[in-house]
1. For the range 377-389, give me the residue count where each residue is at pLDDT below 80, open to solvent by 10 Å² or more (accessible area, probe 1.4 Å) and under 24 Å from SER483 (Cα atoms).
2. Say whether the condition of being among the basic types (Lys, Arg), under 30 Å from LYS221 (Cα atoms), modelled with pLDDT of 55 or more and surrounded by 13 or more Cβ atoms within 10 Å (Cβ to Cβ) is met by at least one residue in the range 160-182.
3. If you take the residues of the range 300-309 that are open to solvent by less than 10 Å² (accessible area, probe 1.4 Å) and not aromatic (Phe, Trp, Tyr), which of them is farthest from ALA276 (Cα to Cα)?
4. Given (1) modelled with pLDDT of 80 or more; (2) open to solvent by 40 Å² or more (accessible area, probe 1.4 Å), where does GLN193 come up short, assuming only one miss?
5. Take the residues of the range 277-299 that are more than 24 Å from GLY205 (Cβ to Cβ) and within 29 Å of the chain's Cα centre (by Cα): which is least open to solvent (accessible area, probe 1.4 Å)?
6. With respect to ASP445, is the statement that it is open to solvent by 60 Å² or more (accessible area, probe 1.4 Å) and at pLDDT below 85 true?
7. If HIS337 passes every condition in (1) modelled with pLDDT under 90; (2) over 25 Å from the mean Cα position of the chain (by Cα); (3) open to solvent by 70 Å² or more (accessible area, probe 1.4 Å) but one, which one does it miss?
8. Contact list please: Cβ distance under 9 Å, first residue in the range 419-434 and aliphatic (A, V, I, L, M), second residue at pLDDT 80 or above and assigned to a loop (DSSP other than H, G, I, E, B), pairs at least six apart or on different chains.
Amino acid sequence: MAEIIISALLRVVFERLASAVSKKVAPRSKEIQSQLKKLETSLPKIQALLNDAAEKETQDQRVKGWLNRLQHLAYDIDDVLDALATDHELTDQEPARHKTSKVKKLIPTCCSTSAFSSPSDTEMHQKLIDITTNLQQLYDERNDLGLIVKDKRSKSINRIYQTSLLPPGIIGRQGEKDILLEKLLADHEPGDQNNFSIVPIVGMGGNGKTTLAKLLYNEPKVKHHFELKAWICVSDEFDSFNIGNLIFESVADEEKKEKEFKNPNLLQEALRNKLAGKRFLLVLDDVWSEKIEDWDTLVPPFHSVAPGSKIIITTRKKQLVQQLGNDDPYHLKKLSHEDALTLFAQHSLGSTNFDSYPTLRSYAEGIEKKCDGLPLALKLLGTSLKTRRNEEDWKELLNSKIWSLKDEGGILPALRLSYHELSACLKQMFAYSSLFPKDYVFEKDDLILLWMAEGFLHKSTPGEPMEMERLGEKYFDELLSKSFFEHVNGDKSLFVMHDLMNDLAKSVVAGEFFLRLDIEMKYKIEEV
């Protein structure tokens, strides 16, 4: 996970380095400018290895150490650029230099040497040589570590094979199913512009959105209500042509199912004709795209459907849903305490309760509380205990192994799907939240001010704090909409991080670079 914060850091460093080279920011020797150009050439080669390093760092400690060394070097480069920029400012602005000299006179000589001394050309040149040499050493180690250039991180191939078939033993969600079933079976509203309406299910990763959609898709009343149905797992690549082909295969007559379209226009015409006048249910599961143009490319054939048709969208984000005019998506909540315990018992003991193992119940309740009703976490941790009925094993999991088991069991990778998709600046801002203790309740404005103090809102115009605040609000709202933060008990002014998101933030940053403070909570979450 160190790769993620390094990606954001290197992006900023590279931008500053390119600016220093192009503008010749440093009033220094030609040797220093030459070393800066070498760094500008070396960094992209290192950056090209980061995607592969991201996949290997959790399994290979050598790769993790390689990333930590790279992070040290990135900070060293940033320090050098700070020094060069400071010298540039002092050279170009005589008043600033004069003011600094006045300040120096007010400080005893014994205290002033380190505070105001600037590295000499020789020292700066040697520092840059050392950094360039170390970067080259890191690059040369790529073969020994098996690091290669990858355009993208590999995807979870199983995710795109999600089908509409229900897994056995689904726990809870009956109330949610009833609410959404009413929406699915509702008649077409006369004022609606389209014959179909959208039923969005929004929630954080691993919360059971797909499971709820499966419950609805397989409900007997739904089967009788809709003439045609299709289930499509979209995942992170919204390929409207491929999605259209899959829909056509789902609804076409038997003799036409094997027809393969190569022309998008012919495909959409055939799909429009097949859907014409039919009440149609489409599930678009795991939608990541926020581009309205993706939707506009896919949707034309659907306008021929019969009134009352529905499209279920499951997503972690609500930007696309809002752009489609839906201001009231269904936000899927976590499982209740009792349902969560039942789910955990099912996967750990093969039972719906702890009657046969009463001594394990207290440990299960502690584990459930840590998972905070997140179904994915409960399933994976429960499965890890499947063959372990020893009380000591459950105690060990509760007290010490839970976080490492999460990483091995796939919970952090599941949450990382949302994190990897963030822009570099949002990754950096979310990682900063690792400094918050668990259950720490905060206000939006307070966090934005901290981001400003750290210089994260660097795109803003200097000297315009209000502009920086607006940018911070934009970033905060984006993280909120993606479920990285959440409201506290319905209070719109207070926020908190889910425990698993807090763990994710902690795993992003390397402990040697950050100090976490146990600060007194300004607010406390009331037990429900």
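1. Looking only at that region, the number is 1.
2. Yes: the range 160-182 contains one or more residues that are among the basic types (Lys, Arg), under 30 Å from LYS221 (Cα atoms), modelled with pLDDT of 55 or more and surrounded by 13 or more Cβ atoms within 10 Å (Cβ to Cβ).
3. Ranking the candidates gives GLY308 first.
4. With respect to (1) modelled with pLDDT of 80 or more; (2) open to solvent by 40 Å² or more (accessible area, probe 1.4 Å), GLN193 is out only on (1).
5. Checked the range 277-299; the qualifying residue least open to solvent (accessible area, probe 1.4 Å) is VAL299.
6. Judged against the criteria, ASP445 is not a match.
7. Answer for HIS337: the failing condition is (1).
8. Going by the 9 Å Cβ cut-off, the qualifying pairs are LEU422/PHE484; LEU426/PHE484; MET429/PHE456; MET429/LEU457.
The values are calculated or read from the model by the stated rules, or taken from the named source; none is laboratory data. Just so you know, these numbers come straight off a predicted model, no measurement behind them. Every residue, glycine among them, receives a Cβ derived from its backbone with ideal geometry; neighbour counts consider all protein chains shown. With ligands, DNA and RNA removed, areas are computed over all heavy atoms of the protein, side chains included. Shrake-Rupley method; radii C 1.70, N 1.55, O 1.52, S 1.80 Å.
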